[in-house]
Amino acid sequence: MTAKPLSITSDLQHRARQLAAQFAETAAERDALGGTPKAERDAIRQSGLLSLIIPDDCGGLGSDWQTTLDVVREFARVDSSIAHVFGFQHLMLATVRLFSRPDQWQPWFQLTARNRWFWGNALNPLDKRTTVKRFDGWREFSGKKSFCSGALDSQMLIASGLDEETGKLLIAAIPTARSGISLADDWDNMGQRQTDSGSATFERVRVEENELLLEPGPLSTPFACLRPLIAQLIFTHIYLGIAEGSFEEARAYTLKEARPWFKSSAAHISEDPYVLAHYGEFWVGLEGVRALVQRAAKLLDKAWSQGPDLGEAQRGELALAIATAKVAATRTGLDLCSRLFEVTGARSTHAALRLDRHWRNLRTQTLHDPVDYKVRELGEWALNQTLPTPTFYS
């Protein structure tokens with residue numbers, strides 16, 4: 001009883017699985033250490049996978065979203081921190097593509113593919129401590145940002161601030177090494193411990209006009225409104241990957257190490273009726289999430305291919321599909337990552353195994369935004385046939 005293969009091409013599948021196997025060897029140890037997974041990020045650079053979603057004519061691999069998200073999920077099965085940083089690479093590229101002009105995003109894409117750049121996040125519009133002053137031909141960013149995933153060890157940043165005159169959110173693509181940018185190694189949470197999601201400080205950072213993502217900008221068209229949906233679907237693939245990885249790790253431990261309870265009539269743990277019942281429930285949950293995630297990824301590719309012609313209704317239907325998958329992945333994953341100890345037994349709580357990291361990672365990541373609000377959106381549709389209203393987050 002193994003997970004179904006992912007829908008990625010044989011070459012990409014080979015590269016992704018080679019990397020995943022490499023990451024798995026040290027995942028538990030690195031979870032304890034925290035900090036920047038420098039060697040793992042460099043391995044991804046060397047693989048060429050940083051340019052998965054970049055079109056062929058810009059020097060990238062020209063993959064679709066389903067393929068790209070499957071690689072995110074492949075990594076999440078063994079190391080959800082790496083999956084997070086890798087997923088955000090493509091979210092940042094999508095941000096550039098959706099919010100800027102072709103004469104901006106095409107050169108950035110070409111340089112990313114050629115130089116194997118990592119992009120980091122310093123966007124977080126909920127953190128309003130960064131402000132922007134206007135000068136003739138340029139802007140100045142000053143302030144702080146929290147939850148800057150992947151900013152450390154990156155070459156480019158997506159950053160945001162509030163215009164001091166208008167209060168409008170301004171987003172820019174800028175080199176990480178630019179004067180005035182300081183990235184703090186202050187991420188020390190219970191989960192996702194190698195995402196480098198700490199803080200950034202901007203001290204009078206000069207941003208040129210052609211580095212601002214103004215045309216069309218966020219929330220300007222249904223196509224531009226795909227950005228938050230891509231973020232939500234990346235998270236959902238991470239959730240599913242964590243659940244699948246914890247399932248496989250628990251299964252291996254159950255078969256090799258676990259013993260039947262003394263009151264059980266089973267000769268081997270694999271025959272215990274209660275253990276079988278748990279695994280049956282795990283499987284039903286995972287199969288349901290896989291189907292929902294696959295459907296949402298296909299709809300995203302269809303919407304992405306529409307480009308500026310994407311309509312509001314199609315965007316709304318995609319939002320519903322992603323929200324449905326996200327709620328299911330959250331609930332199934334948290335349940336599985338907690339209950340896995342019921343089929344592995346007391347000895348599986350040994351600190352060296354760090355089986356608890358799956359729950360800690362998933363619990364940390366699923367708090368990115370409250371799933372209750374996704375359920376509410378789905379309720380509005382189910383009862384009132386009201387499509388979700390686009391925001392920067394959904």
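When residue 327 is tested against (1) surrounded by fewer than 17 Cβ atoms within 10 Å (Cβ to Cβ); (2) among the β-branched types (Val, Ile, Thr); (3) farther than 14 Å from residue 230 by Cα, exactly one condition is not met: (1).
Within the span defined as region 258-268, one or more residues are over 25 Å from the mean Cα position of the chain (by Cα) and either among the aromatic types (Phe, Trp, Tyr) or assigned to a helix (DSSP H, G or I) (or both). The conditions of being within 21 Å of residue 188 (Cα to Cα), crowded, with 16+ Cβ neighbours inside 10 Å and of a type in the set (A, V, I, L, M, F, W, C) are met by residue 147.
What are the residues in region 330-374 that are part of a helix (DSSP H, G or I), acidic (Asp, Glu) and surrounded by fewer than 17 Cβ atoms within 10 Å (Cβ to Cβ), if any?
Within region 330-374, the first condition is being part of a helix (DSSP H, G or I), and the residues that meet it are 330-339, 341-344, 346-349, 356-366, 371-374.
Those left that are additionally acidic (Asp, Glu): 335, 342, 356, 372.
Passing the criteria: 335, 342, 372.
Taking first residues from region 164-188 that are in the same structural domain as residue 138 (by TED's automatic domain parsing) and without any contact (Cβ under 8 Å) to a residue 24 or more places away in the chain and partners that are of a type in the set (S, T, N, Q) and outside any strand (DSSP E or B), the Cβ contacts under 8 Å between residues at least 6 apart in sequence or on separate chains come to 175/155; 177/155; 184/199; 186/199.
The values are calculated or read from the model by the stated rules, or taken from the named source; none is laboratory data. These numbers come from a predicted model, not from an experiment. Positions of Cβ are backbone-derived with ideal geometry, glycine not excepted, and every protein chain shown enters the neighbour counts.
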